[in-house]
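So the structure is just underneath, and the comments pick up after that.
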Number of protein chains: 4
Amino acid sequence: MKKKQRALGRPRKEQGAMATEEIILHTATGLFLEKGFQHVSMDDVAKKCNVTKATVYYYYKTKTDLFMDSMIKLMVRIRERSSAILSTDEPLKTQLFQFASAHLKATVDIDINTFMKEAKITLSQEQMEEMKKAEDALYNELESALTRSMERGEIRKCNPRLATLVFVNLLTVKNSMDESYQNSFDSVEDLAKELVDFYWNGLAGGN
Amino acid sequence: MKKKQRALGRPRKEQGAMATEEIILHTATGLFLEKGFQHVSMDDVAKKCNVTKATVYYYYKTKTDLFMDSMIKLMVRIRERSSAILSTDEPLKTQLFQFASAHLKATVDIDINTFMKEAKITLSQEQMEEMKKAEDALYNELESALTRSMERGEIRKCNPRLATLVFVNLLTVKNSMDESYQNSFDSVEDLAKELVDFYWNGLAGGN
Amino acid sequence: MKKKQRALGRPRKEQGAMATEEIILHTATGLFLEKGFQHVSMDDVAKKCNVTKATVYYYYKTKTDLFMDSMIKLMVRIRERSSAILSTDEPLKTQLFQFASAHLKATVDIDINTFMKEAKITLSQEQMEEMKKAEDALYNELESALTRSMERGEIRKCNPRLATLVFVNLLTVKNSMDESYQNSFDSVEDLAKELVDFYWNGLAGGN
Amino acid sequence: MKKKQRALGRPRKEQGAMATEEIILHTATGLFLEKGFQHVSMDDVAKKCNVTKATVYYYYKTKTDLFMDSMIKLMVRIRERSSAILSTDEPLKTQLFQFASAHLKATVDIDINTFMKEAKITLSQEQMEEMKKAEDALYNELESALTRSMERGEIRKCNPRLATLVFVNLLTVKNSMDESYQNSFDSVEDLAKELVDFYWNGLAGGN
DNA sequence: GATGAATGAGCGTTCATTCAT
DNA sequence: TATGAATGAACGCTCATTCAT
């Protein structure tokens, strides 16, 4: 493979020029989310980054490490977005709706469970803990919001942890829907609305 | 290779002697549920059955075929159990509770999505259809029950398909719970009760 | 697989009803010629005969045995046909033409070499001898005809064995021709004629 | 795994140190010619090269690719040799004799047909084209020489393409000869002479 | 900082062959 | 006479990982 010609002289450090390490991480995240841990090979990552496999290994000791870093950084980003939404003055229901919309819009679903289950087999105890922590941080934000809301009497008192898990889980129903059913919703906001309504009212509850 | 010991006395003729084919299917189902499609090799299955890989291939043309058969038979079994529960005269909420209890009790969660996503890559169009059909049959039972209930005015009118998916989805929160949190429920029935309550009342509703 | 229903009573030994053994041999010959030794599995043969692999093994101890029998019987048949052609009163050139036509017409080319080379690796010494004998018998007929012709002064004196091999070899050029070139001959007879002319006159000679 | 012993003294720097890729190609060519496509496993090649199978796959994406490269490079080499012979000022018959000698001497017979037939089943359309092209280039050299000769009136006018194929084919009779008959020729040149004579004079023709 | 070469271990699959019935 | 079940050995291929440069 021929080296690409490079303009002479000291290349001015381009602003947008991501460092190799970042490129790899970013690319890997995309691939992992798209195909799942197993179906992404280190070669796939390398090729998509226009570097060699050895280079990937230069930055990430193992495939699992790369996966870990990808997922954790991803969760951090998600948490930041969530944080922003949940720290406004809007009423809880509105916040939940915004939260749901944001997540359903992301190609990237939070169905981190799916990835985790697949990867867990290869994760060390220590890595598991780290993942857990990142996940927890993600959930805690929401849990606090719910707790506050209960205290203010906005919603009925119930197990806030469970309520959190249920809500996050709810956003993954999209994956159970077949194409045609998914299309029966006019927009993502539509689906978000229906889900939040369901979460809010339950089967029996008011309109 | 050791002959499998057979308990003394009882089995005259073939009584109790599971056919190899069944043993393989049964073993495979367990392994697939435990580790996921990718992490189960044909050799794993074979070894656990005390036969050779070739024997497994004698009964199942490909790994995917074996997986398909495993999952479809599993869904059929689940559906049968569900059917039994949903066709009684009990009020819907009771039925939902029984349904939830049964599923949460099974080591085997209905989180078929997780498996599907992982395996889908290798499934042929035709196989996908077949899977879909099995999955649909599974959901339809519940959907009908919900629809009937709406018609009788037992619960509020809403999209029964979505309600179904949400309910099934709800049962998978267990997977998002870490060990310690899971143990905070006295029993599976406890968890089932909480989940059904949530499903029934929503965040706002209930007494 | 259901047994095909059989009419009651003692089945009259149908005339055309080939014995299983024959069916197998016949089928195998066809497959071997079509795909070559390696690309025909015992299962292929069995399936095409509507019997099980075990049945094939009941009649033929090994795949090589089956191949041997197929090829030898084939060579015998070819020899008989050749014999008929070479024992007429026609002039030699005419006989050669008929010989060539007959062989080129057969889907079954005499390119036995190709099969042999492929199979030889698995043939035992003894089997090789047997094959050789069948091949020789095939060639001897032609060699005698050539020798007689030389003695009668019809053709120039030369090594009759070599002349035989060259002639048989000549008939295999068809395999070297690509489709389009093959089609440039109006008919098999056309090609046969050209080849025999070449054989007869050489590069320099003739009219 | 033993380090390969290297002869003392000579090879300073990489002199004589064939690159692994070349070693593999060279070894593979030999094996394919000796045993045919089917009977050579990637492991065979690897072992004979003192590398692992994975290394072979590092250089050649599939077995078919390795085969293709082997055969095409071989044909190129043959063509070069042929070219040299056919571009001298010698009379055609002498050239043909040299051509025949050269080929018969090579352990490597041009019986490329045999290999092709065996391998064709696994070749892609594109690969087939490439092979055809290499084969054609091989034949064209000879065909041109024959055509030129016809134009100069050295030999009788006839289909030059067919004449080419016949000649090349003729050189494969050696494969039809059993050991003992092959030994009846004093030397390869002897056999070459007889074959060229036959090709030149035909059955009927001059002395 | 980045790479080319090499490997070990494993996987899905095929197939000739055996054997008890 | 015919078969269903089972197997051992191989094969083509992939991939995470290592290492010298």
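The values are calculated or read from the model by the stated rules, or taken from the named source; none is laboratory data. Remember, it's a predicted structure, so these values are computed and weren't measured experimentally. Counting neighbours? That spans all protein chains shown, and the Cβs are built from the backbone with ideal geometry, glycine included. Areas reflect the complete protein model, heavy atoms only, side chains present, ligands, DNA and RNA absent. Shrake-Rupley method; radii C 1.70, N 1.55, O 1.52, S 1.80 Å.
Side notes on the structure shown:
- Residue match in the range C:81-92 (condition: over 20 Å from C:Ala106 (Cα atoms), more than 13 Å from DNA strand E (Cβ to nearest atom) and buried (at least 18 other Cβ atoms within 10 Å of the Cβ)): yes
Let's see how each residue does on (1) over 22 Å from A:Leu203 (Cβ atoms); (2) within 11 Å of the chain's Cα centre (by Cα); (3) modelled with pLDDT of 80 or more:
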| residue | (1), (2), (3) |
| --- | --- |
| B:Arg81 | no, yes, yes |
| B:Glu90 | no, no, yes |
| B:Lys93 | no, no, yes |
| B:Phe99 | no, no, yes |
| B:Asp111 | no, yes, no |
| B:Glu126 | yes, no, yes |
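- Listed by first and then second residue, the pairs with beta-carbon distance under 7 Å, at least 6 apart or on different chains, first residue in the range B:175-202 and more than 9 Å from chain A (Cβ to nearest Cβ), second at pLDDT below 90 and part of a helix (DSSP H, G or I), are B:Gln182/B:Lys174; B:Val188/B:Leu104; B:Val188/B:Lys105; B:Ala192/B:Leu104.
- With respect to the conditions (1) more than 15 Å from DNA strand F (Cβ to nearest atom); (2) out of contact with any Ser or Thr (no Cβ under 9 Å at 6 or more places or on another chain); (3) open to solvent by less than 60 Å² (accessible area, probe 1.4 Å), C:Phe32 falls short on a single one, namely (2).
- Any hit, the range C:137-151, residues being within 11 Å of another protein chain (Cβ to nearest Cβ) and open to solvent by 60 Å² or more (accessible area, probe 1.4 Å): no
- Identity of the residue in the range C:35-50, surrounded by 15 or more Cβ atoms within 10 Å (Cβ to Cβ) and more than 9 Å from DNA strand E (Cβ to nearest atom), that ends up nearest to D:Phe37 (Cα to Cα): C:Gly36
- Scanning the range C:24-33 for residues that are within 15 Å of DNA strand E (Cβ to nearest atom) and within 14 Å of the chain's Cα centre (by Cα) yields C:Ala28, C:Leu31, C:Phe32.
- Counted residues, the range A:52-72 - those being modelled with pLDDT of 95 or more and more than 11 Å from DNA strand F (Cβ to nearest atom): 1
- Checking the stated criteria, C:Arg156 turns out not to satisfy the condition of being in contact with an Asp or Glu (Cβ under 9 Å, 6 or more places away or on another chain), without any contact (Cβ under 8 Å) to a residue 60 or more places away in the chain and over 18 Å from D:Leu165 (Cα atoms).
- Index of the failed condition, D:Ala54 passing every other in (1) away from DNA strand E (no atom under 12 Å from the Cβ); (2) over 14 Å from D:Thr27 (Cα atoms); (3) in the same structural domain as D:Leu25 (by TED's automatic domain parsing): (1)
- Every pair of residues 6+ apart whose Cβ atoms lie under 8 Å, when the first sits in the range D:51-68 and is open to solvent by 70 Å² or more (accessible area, probe 1.4 Å) and assigned to a helix (DSSP H, G or I) while the second is modelled with pLDDT under 95 and within 6 Å of DNA strand E (Cβ to nearest atom): D:Tyr59/D:Thr20
Let's see how each residue does on (1) β-branched (Val, Ile, Thr); (2) over 18 Å from the mean Cα position of the chain (by Cα); (3) within 13 Å of D:Glu21 (Cβ to Cβ):
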position	(1), (2), (3)
D:Lys35	no, no, no
D:Met42	no, yes, no
D:Tyr59	no, yes, yes
D:Met71	no, no, no
D:Leu74	no, no, no
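- Count - residues of the range C:184-207 that are modelled with pLDDT of 90 or more, surrounded by fewer than 21 Cβ atoms within 10 Å (Cβ to Cβ) and under 15 Å from D:Leu195 (Cα atoms): 1
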